Structures are given as structure tokens and as C-alpha cells.
Amino acid sequence: MERTIPCDDCAEKTLDIQQLGFHVTGCNPHPNRPGFCVLTFEEIDASRTTVATAGEMVAGIATPAALTAGVDNITVTQAAVAKAIVNLFETGEVLGEYGNVTLIAGDTGHLTFGRSQTTLGSGNLAQLLQQYCANQGARFAGRLAPFLPRFKAIDHTLDDDHTLHNVLRASADDPVMRDTQDTFFDKTYWQPAVRAAGKLGLRSPLALTVVYDSFVHGSWSVIRDRTTQSVGAPAEIGERAWISAYVATRRDWLENHARSDLRPTVYRMDAFTRLIDQGFWGLELPLVIRGKEISPLTLAAMPPGCYDGPQPGSRPLTLSAPLARGLDVRLLQLGLSDRGVDIQADGIFGQTTLNLVKAWQAQNGRPANGIADLALIGELTA
């Protein structure tokens, strides 16, 4: 297995992979991307976990003692599992979808993007993109930077800018964007959740996951106070009883919420109820959440919908079996989008991409054969 990462992150990512129970076999310069390396690793012990003590790494983020105080023996793997559960709630994928662009009718957040679905309406999406564009290694900074003033102004017309949406999707292929999202979401949601759990004396990995989910989904303090008023504090009735009551209270709140888009999200609490009923307070692996496997292998995989290659110009592209997928397809689609073609840059060369390539070729006096040769790829991805 392999991952493309910024070379500056080799030591950090090597530690992350090792703490998930894999043997790192190398971290070598990427042949086509200066400043990036290819980290290779293999499975050695799927049951291994490593306790993250003060100052060690938790899911890729340096965690000082203050952030883990009150949370008992949370391992790197357990932290990754907690985040994976919430990723599944948010995007349906264990590692989340770094390029996920979502618009839900009636959602006050408007345009939503990324692994943990941060929103235009909250102002957090502007902060995320500003941090990304400030990184000199950001591949898509030049394309996204002109939009930053509109993001800061919470310009709702960005909801309908499909060219922008394609750039956001493509940015997930950049390891810098994935690292930026990991850092941003940890600072915005994970670390505050760890502190909140510690203040209440909640010590189990499952309890922390419940708190983290509420920080991501919203209204943690409202349901915390409602639960404590109803049954007492965790110190009075015990952590497990309090978390069970919290989950039941939050489920009722979601089911009867005035916002119709929140009512279906009771599935989050139903999933927690099943974990509580089965006694998975330590988030023991493997787990199946919403039909998806969480295991050391799935936690170390390449995030879905992200492509490290092939590089543009390394092969011609057309409809094939199996369908061509990759970074070169995505950038070809993005090039068409930049030229006004209504296409979704998903990195898959299917029938729709074939037809749109043919149409573009015909409109520009080229043979309409649907084959993107190296010259055409070079033109559209320049």
C-alpha cells in the first residue's frame, strides 16, 4: 500500500501508519511532484494499538496533555475509529470524502465541503480554504484564491457556481488539502470535544465519540444540559448511564426537531445505541457502522474519491473497460469545466465524459472521436 504525502510530513505520517499496526517500508521522493514523497507500508499486525500519551500523535495531530486530560487511555487507533464513525455519519465513508460538495435544500449552512462537511454559512469554509491557499505547496491555491473574498462574505451565489464545485472536488487529490482538512477539523471539532469530555469525567472511547459527534453535528451544550437536568451529572449516575441517557435525549430532540432535514439524522443515535447495547465502550475492532467496515486496513486506505495519479499526459484517455479513473481524468474534466462545459469532475471517464469530449472536439474543429490524446490532454490541463 502507498500514500502520496508532502515530504515535510514523512516522519509524522510514518508514525501515524505505524501506530495503526503497519510496517512502513519506505518514504521516497515522488517522481513527478517535487516536494512530495510516496510512503509505502504493509500490514503486520491488525490487532496492534498504541496508547497516545501526552505530546504523542492522535490521528495525525500533536496532542498536548491538556487535550487528553480526563480521557482514559485513548489509543491512536481508537481516536481514528471515533473519527471514522462520525465520517460515516457525515459522508458515508470511513475516511470521509475530502472532495465532497453538498447542497441540501433548506440547509442554513448552504454550500458544504470536505471530510467533516464544513459550511459556507458558518464561515468555517472560508477559514479552511484560506488556510489551504496560504500553503505554498497547495496545488489548487491559484484557482481557489480568487473566490476567498466571496467565501468570507458568505456569498450564497457560490451555491450555484459549478466550476468552483469542480475545483473543490479536484482539490481533494492534493495531499496538502487533505492534511489541511485533518488539521482544521481536529482543531475545530475534535480537540474541543476531548476537552468537553474531560470536563465531565467521560473517559471511554465510545463516550468521547458521542461528544465528538455532537460537536460536528451541533447543539452539544443544549443536549448536555438537558440530560444532566433530567438524570443528573455523570459523576452522580455513572458515565455509561449518563451517555445512554444523553443518546436517548438527543434522539428524541432530533426526531421532533422543527427542521425537517434534521429528523432523519436519528440514525446517528441509533448507531450509538447499538454500540452501547453491545458493550463496545472501547471501540474494539473490527466494527461495522452503517454497513461499512472499520478496521486497520480501511483506516489506512487511500481516501475514497482521491487520486494521486496517473499524472496528465502519461496515457491517452477514452471510454474503456474498466473505466479509466485517476488524477489525469479529473484534471481533464476540470479543464473542460474551465471552458464552460457542464461536467462533474469526478475523476471517472464514463459515458458522460466521452460525450462531452466529443462535443468539445466537434465545437473546436477536431475529430469528434472521444479520444483525449496526449496533445488534447496537454491543452486542457495546462
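Scanning the range 132-147 for residues that are crowded, with 16+ Cβ neighbours inside 10 Å and either not in a helix (DSSP H, G or I) or not hydrophobic (A, V, I, L, M, F, W, C) (or both) yields Tyr132, Gly137, Ala138, Arg139, Phe140, Arg143. Report those helices (runs of 4 or more DSSP H) wholly inside the range 153-254 carrying at least 1 residues which are among the acidic types (Asp, Glu). Answer list for the range 153-254: 175-185, 205-217, 220-231, 234-237.
With respect to the conditions (1) surrounded by 12 or more Cβ atoms within 10 Å (Cβ to Cβ); (2) without any contact (Cβ under 8 Å) to a residue 40 or more places away in the chain; (3) of a type outside the set (Asp, Glu), Ala258 lacks only one, and its number is (1). Of the residues that sit in the range 3-39 and are surrounded by fewer than 16 Cβ atoms within 10 Å (Cβ to Cβ) and assigned to a strand (DSSP E or B), which one is modelled with the lowest pLDDT? In this case the residue turns out to be His23.
Consider the range 265-307 and keep the residues that are free of Cβ contacts under 8 Å to residues at least 24 places away in the same chain and over 29 Å from Gly347 (Cβ atoms). The one that is surrounded by the most Cβ atoms within 10 Å (Cβ to Cβ) is Met269.
Remark: pairs (first residue in the range 217-246, under 23 Å from Leu88 (Cα atoms); second residue part of a helix (DSSP H, G or I) and charged (D, E, K, R); Cβ separation under 6 Å; 6+ apart in sequence or on different chains) = Ile223/Arg250. Considered as a group, the residues in the range 96-125 that are small (Gly, Ala, Ser) and buried (at least 22 other Cβ atoms within 10 Å of the Cβ) include one that is farthest from the chain's Cα centre (by Cα), and that residue is Gly99. Within the range 324-382, the set of residues being part of a loop (DSSP other than H, G, I, E, B), surrounded by 21 or more Cβ atoms within 10 Å (Cβ to Cβ) and more than 26 Å from the chain's Cα centre (by Cα) is empty. The residues of the range 97-120 that are touching a Leu at 6+ places or on another chain (Cβ under 8 Å), over 14 Å from Pro303 (Cβ atoms) and part of a loop (DSSP other than H, G, I, E, B), listed by number, are Leu103, Gly109, His110, Leu111, Leu120. State all residues of the range 313-345 that are touching a residue at least 60 places away in the same chain (Cβ under 8 Å) and more than 19 Å from Leu144 (Cβ to Cβ); if no residue qualifies, say none. Gly313, Pro316, Leu317, Asp342 - these are the residues of the range 313-345 that are touching a residue at least 60 places away in the same chain (Cβ under 8 Å) and more than 19 Å from Leu144 (Cβ to Cβ).
The set of residues in the range 201-250 being polar (S, T, N, Q) and over 17 Å from Ala271 (Cβ atoms) consists of Ser219, Ser221, Thr227, Thr228, Gln229, Ser230.
Before we move on, is Leu319 in contact with a helix residue (DSSP H, G or I) (Cβ under 6 Å, 6 or more places away or on another chain), modelled with pLDDT of 95 or more and surrounded by 17 or more Cβ atoms within 10 Å (Cβ to Cβ)? When the stated conditions are applied, Leu319 does not pass them.
The values are calculated or read from the model by the stated rules, or taken from the named source; none is laboratory data. Because the structure is a prediction, the values reported are computed rather than measured. Methodologically, a virtual Cβ is constructed for each residue, glycine included, from the backbone with ideal geometry; neighbour enumeration extends over all protein chains shown.
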